[in-house]
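In what follows, a structure is listed as structure tokens, so that the remarks can point back to it.
The values are calculated or read from the model by the stated rules, or taken from the named source; none is laboratory data. What you are looking at is a predicted structure, and each value in this text was computed from that prediction instead of being measured. Positions of Cβ are backbone-derived with ideal geometry, glycine not excepted, and every protein chain shown enters the neighbour counts.
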Ligand code: UD1
Ligand code: MG
């Protein structure tokens, strides 16, 4: 069931690899405007961090080496890279002296790098693998010394402008703060994604000046340097400018999240998944959905979640790292690290915690919490229960308000309930304990000893009903008045000649078996 039926539909392909390639990701900046203790590139966006998205966009290049320039929050970024991209080499830029300086440090750490160097700003998470591949292909195909990814944008404020000569050839890239009024009117911008020839890049980086408004070494100056030396420099224009959007503050981050949501949702709908309300459906890029799955409104699918064919998830559901089998339903519930078997049913208002595993056609109903437990095929836990550290056999029925008492204050213990066992309502199963196959437990029991297969376990004290107690102890209350009226009616009915006088009142709990089957609404279908 855990097999992924469909990959995330990016359409990325691996570029044929005549060249040695190095990828450099620039991630040393602080991201001041995020106003965050978390380094900017570690902010999450639908299943990956910003830098995670950038690395994923470069992954199909199958580069020989990947260098990530780290600086602000270097330890945190390094720890994250070790998790998501252990093959990448973090290189420290202790002081942020500009993008040119950052790439120089990266190449110093990779002296053997030849062929193509792809440089990507760490904060362009919507970049698609196909676009990086097309940039590299164009660059290598043209034998260029340097190629910049550009885009025509509605609002170029704050970005570097692509300045072309009369023949449309790239002349230079000018930062907004260094630009003339005429240059600022240009809406073709530098996306911060480039391909370079390693040797010529190294050479140009050695010649960068800091003669600009920020006093930094600008990577973008490499283009004018190479161009004026007669080297071929090129512009590759992105088909969709949205891919080049950067992230500088949390408002932009929210905008990027919506744009990515729409992209992911559209891709799933095109593969045959029904999203009933795409505007309120948030699917991480790492999730897999099978054809004919249905996702209802206000639903979040996160991490390694997988939803099988014909399953219905939502409305109001959050699934994290959870596998939902074909034909299952999950309604108004929260699940983390759980498995919902084929045709199983969850909710409304269930909480599945790590290693809750529901077999085929199992049911976990309303206000039920399940943790580290197997619920067998066709077994039911319909209402108001806690199931922790348990194994529940196939077709067992767990009555309302059953608690699997798994924790003694120090250790957790397991409970086993056998196949087709029946647990009456309001029962505590005090672990470690085993209820055998086909056994019954009377409602209201606290079970501390194993119940053999086919036996009835019952721990209730016999009931006493003390006649007249309310009249004596609660005189004058509504209860006392109601009791008095009922007693008067009873006396009328039992007057000689009335039919009811032939019956007999039962006081006490003479027949526990009847009480067990009297679990009543636990025998749900
Ligand atoms: C840069 C480009 C600009 C382009 C824009 C696209 C330069 C000089 N300008 O501007 O033309 O339109 O990106 O978003 O390159 N970084 C380091 N070390 C540094 C400085 C920056 O690693 O010393 C990293 C940052 O973390 C960031 C990336 O490089 O990921 C870009 O830096 P940033 O300061 O955002 O450059 P912009 O001013 O946006
Ligand atoms: Mg920037």
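Out of the residues in segment 26-49 that are in a strand (DSSP E or B) and touching a residue at least 60 places away in the same chain (Cβ under 8 Å), state the one that is nearest to ligand 2 (Cβ to nearest atom). Filtering segment 26-49 for residues that are in a strand (DSSP E or B) and touching a residue at least 60 places away in the same chain (Cβ under 8 Å), the one nearest to ligand 2 (Cβ to nearest atom) comes out as 26.
For (1) away from ligand 2 (no atom under 16 Å from the Cβ); (2) surrounded by 22 or more Cβ atoms within 10 Å (Cβ to Cβ); (3) not in a helix (DSSP H, G or I), each residue gets a yes or a no:
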residue	(1), (2), (3)
51	no, yes, no
54	no, yes, no
57	yes, yes, no
69	no, yes, yes
75	yes, no, no
78	yes, no, no
94	yes, no, yes
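Confirm whether residue 101 is modelled with pLDDT of 95 or more, within 14 Å of ligand 1 (Cβ to nearest atom) and within 27 Å of residue 225 (Cα to Cα). Judged against the criteria, residue 101 is a match. Restricting attention to segment 121-155, which residues are within 16 Å of ligand 2 (Cβ to nearest atom), out of contact with any helix residue (DSSP H, G or I) (no Cβ under 6 Å at 6 or more places or on another chain) and under 24 Å from residue 227 (Cα atoms)? Once the filter is applied, which keeps residues that are within 16 Å of ligand 2 (Cβ to nearest atom), out of contact with any helix residue (DSSP H, G or I) (no Cβ under 6 Å at 6 or more places or on another chain) and under 24 Å from residue 227 (Cα atoms), segment 121-155 yields 121, 148, 150. Here residue 159 passes the criteria (1) without any contact (Cβ under 8 Å) to a residue 24 or more places away in the chain; (2) surrounded by 21 or more Cβ atoms within 10 Å (Cβ to Cβ) except the one numbered (1).
The test for being without any contact (Cβ under 8 Å) to a residue 12 or more places away in the chain, under 16 Å from residue 148 (Cα atoms), loosely packed, with under 13 Cβ neighbours inside 10 Å and away from ligand 2 (no atom under 16 Å from the Cβ) holds for residue 168.
Of the listed requirements (1) more than 16 Å from ligand 2 (Cβ to nearest atom); (2) more than 18 Å from residue 204 (Cβ to Cβ); (3) within 32 Å of the chain's Cα centre (by Cα); (4) not in a helix (DSSP H, G or I), residue 118 misses just one: (2).
Does residue 101 qualify as being out of contact with any strand residue (DSSP E or B) (no Cβ under 7 Å at 6 or more places or on another chain) and part of a helix (DSSP H, G or I)? Before the answer, list the steps.
Values: out of contact with any strand residue (DSSP E or B) (no Cβ under 7 Å at 6 or more places or on another chain): yes; part of a helix (DSSP H, G or I): yes.
So residue 101 passes the test.
Select from segment 248-266 the residues that are in contact with a strand residue (DSSP E or B) (Cβ under 8 Å, 6 or more places away or on another chain) and touching a residue at least 24 places away in the same chain (Cβ under 8 Å) and write down the one among them that is farthest from ligand 2 (Cβ to nearest atom). So, considering only residues that are in contact with a strand residue (DSSP E or B) (Cβ under 8 Å, 6 or more places away or on another chain) and touching a residue at least 24 places away in the same chain (Cβ under 8 Å), the one farthest from ligand 2 (Cβ to nearest atom) is 264.
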